[in-house]
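One structure below.
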Amino acid sequence: MPAILSTLPPLAGILLVAGAVLAGLLLIGLLLWLRRDRAFHSTASVADAYDRWTDDQLLERLWGEHVHLGHYGSPPRHRDFRQAKADFVHELVRWSGLDQLPRGSRVLDVGCGIGGSARILARDYGFDVLGISISPGQIARAKALTPSGLSCDFAVMDALALDLPDANFDAVWTVEAGPHMPDKQRFADELLRVLRPGGVLAVADWNRRDPAVKPLSWLERRVMHQLLVQWAHPEFASIAGFRRNLEQSRHAGASQQLLVDTADWSRETLPSWIDSILEGIRRPVAVLTLGPRALLLGLRETPTLLLMHWGFARGMMQFGVFRARKTL
Ligand SMILES: C[S@@+](CC[C@H](N)C(=O)[O-])C[C@H]1O[C@@H](n2cnc3c(N)ncnc32)[C@H](O)[C@@H]1O
């Protein structure tokens, strides 16, 4: 034992050792964060990142079955982290008008994660849902989590080349998948191609501030770089930019006049970022029973979560939601 510890009262010694261990872990987490990012190279790098996030179980232990932000109300109020995620799904259903569709409607969930939203859409609204993801690990987990009898199936598929016929769905739903798409126009085209005329589109996405409104500052450019390379994002669209992608799509509908409504839910979803970090402190057993590696993995994600909070809080990032009814 170092000599200095023997001169301290026992509690101070324990606190000192615990502090040193925590500082060491934080340092390792920071080094991992800086040296081993998850930059986007191709859709294969996205699949690989999500396979790993699924296999190590940490994300599911902390975030539950939803890999998206929560909705904390307008104005935002304290609510349970996981409840806020389920509430988000219901909010988007209402806002997009999906709740006007009859039971049995066919819904495609593009970039479905491990199926949290798809199961709510099937169970609470009676829809017949197909969820697709680029990650085989997520699809296997989504199937395992889905009770038999629920009208909800899953498949591995690339959102940029959907192996599905035209006009096949009454609604297309996609939450927080857009930032992984290297070609936003093609993403918009595929979403609209498989939607039937008269069908409902519901999109939620992490967007960047429109550079035409205010370009990024020097500091924002550095932060933006990290937000892209840490979580396999090739680029973020702006809300105005993705609305244009949808409206100008060659699959926008027969009259080619798709009217897209947008809103910014940054405020309603902002508490999610800090809650994501606090969840690890609230549920230490969930993390620690996965072993010491999980602790490091959790610490490794913390700087990105803080930077996301910073970016959304100052308006550099925006949580865009989009709704449209495909013209007949
Ligand atoms: C942030 S997660 C959101 C998951 C899910 N929508 C949810 O809300 O829980 C992003 C999802 O997009 C999927 N994704 C990313 N790129 C994709 C692609 N090219 N094709 C299909 N899915 C993709 C990922 O596999 C992941 O499931």
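In the stretch 102-119, the condition of being within 13 Å of the chain's Cα centre (by Cα) and more than 15 Å from residue 66 (Cβ to Cβ) is met by at least one residue.
Considering only residues that are among the small types (Gly, Ala, Ser) and crowded, with 20+ Cβ neighbours inside 10 Å, look in the stretch 180-233 and name the one that is nearest to residue 252 (Cα to Cα).
Going residue by residue through the stretch 180-233, those that are among the small types (Gly, Ala, Ser) are 188, 198-199, 202, 204, 212, 217, 232.
With crowded, with 20+ Cβ neighbours inside 10 Å added as a condition, the list becomes 188, 199, 202, 204, 232.
Details: 188: 9, 199: 11, 202: 14, 204: 18, 232: 29 Å.
Ranking the qualifying residues of the stretch 180-233, first place goes to 188.
Results for (1) within 23 Å of residue 266 (Cα to Cα); (2) within 15 Å of the ligand (Cβ to nearest atom), shown as yes or no for each residue.
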position: 54; (1), (2): no, yes
position: 66; (1), (2): yes, yes
position: 79; (1), (2): yes, no
position: 82; (1), (2): yes, yes
position: 86; (1), (2): yes, yes
position: 97; (1), (2): yes, no
position: 103; (1), (2): no, no
position: 111; (1), (2): yes, yes
position: 119; (1), (2): no, yes
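Within the stretch 142-156, residues that are without any contact (Cβ under 8 Å) to a residue 40 or more places away in the chain and of a type in the set (Val, Ile, Thr) reach partners that are surrounded by 16 or more Cβ atoms within 10 Å (Cβ to Cβ) and assigned to a helix (DSSP H, G or I) with beta carbons closer than 7 Å, at six or more positions or on different chains, in the pairs 146/119; 156/139. Among the residues of the stretch 139-146, not a single one is modelled with pLDDT of 95 or more, farther than 22 Å from residue 158 by Cβ and β-branched (Val, Ile, Thr). When residue 208 is tested against the conditions (1) without any contact (Cβ under 8 Å) to a residue 60 or more places away in the chain; (2) more than 19 Å from residue 301 (Cα to Cα), the lone failure is (1).
The rows are residues; the columns are (1) in the same structural domain as residue 191 (by TED's automatic domain parsing); (2) within 25 Å of residue 73 (Cβ to Cβ); (3) modelled with pLDDT of 90 or more.
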| residue | (1), (2), (3) |
| --- | --- |
| 234 | yes, no, yes |
| 238 | yes, no, yes |
| 258 | yes, no, no |
| 268 | yes, yes, yes |
| 285 | yes, no, no |
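Restricting attention to the stretch 121-159, the residues that are near the ligand (Cβ under 10 Å from one of its atoms), hydroxyl-bearing (Ser, Thr, Tyr) and under 23 Å from residue 94 (Cβ atoms) add up to 0.
Results for (1) of a type in the set (A, V, I, L, M, F, W, C); (2) at pLDDT 95 or above; (3) in contact with a strand residue (DSSP E or B) (Cβ under 6 Å, 6 or more places away or on another chain); (4) buried (at least 23 other Cβ atoms within 10 Å of the Cβ), shown as yes or no for each residue.
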site: 63; (1), (2), (3), (4): yes, no, no, yes
site: 73; (1), (2), (3), (4): no, yes, no, no
site: 97; (1), (2), (3), (4): no, yes, yes, no
site: 115; (1), (2), (3), (4): no, yes, yes, yes
site: 149; (1), (2), (3), (4): no, no, no, no
site: 152; (1), (2), (3), (4): yes, yes, yes, yes
site: 156; (1), (2), (3), (4): yes, yes, no, no
site: 161; (1), (2), (3), (4): yes, yes, no, no
site: 167; (1), (2), (3), (4): yes, yes, yes, no
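Taking the stated definitions as given, is residue 182 in a loop (DSSP other than H, G, I, E, B), within 21 Å of the chain's Cα centre (by Cα) and at pLDDT 95 or above?
Details: in a loop (DSSP other than H, G, I, E, B): yes; within 21 Å of the chain's Cα centre (by Cα): yes; at pLDDT 95 or above: yes.
Criteria met by residue 182.
The values are calculated or read from the model by the stated rules, or taken from the named source; none is laboratory data. Note that the structure is a prediction, hence the values are computed from the model and not measured. Heads up, the Cβs are rebuilt from the backbone with ideal geometry, glycines too, and the neighbour counts pull from every protein chain shown.
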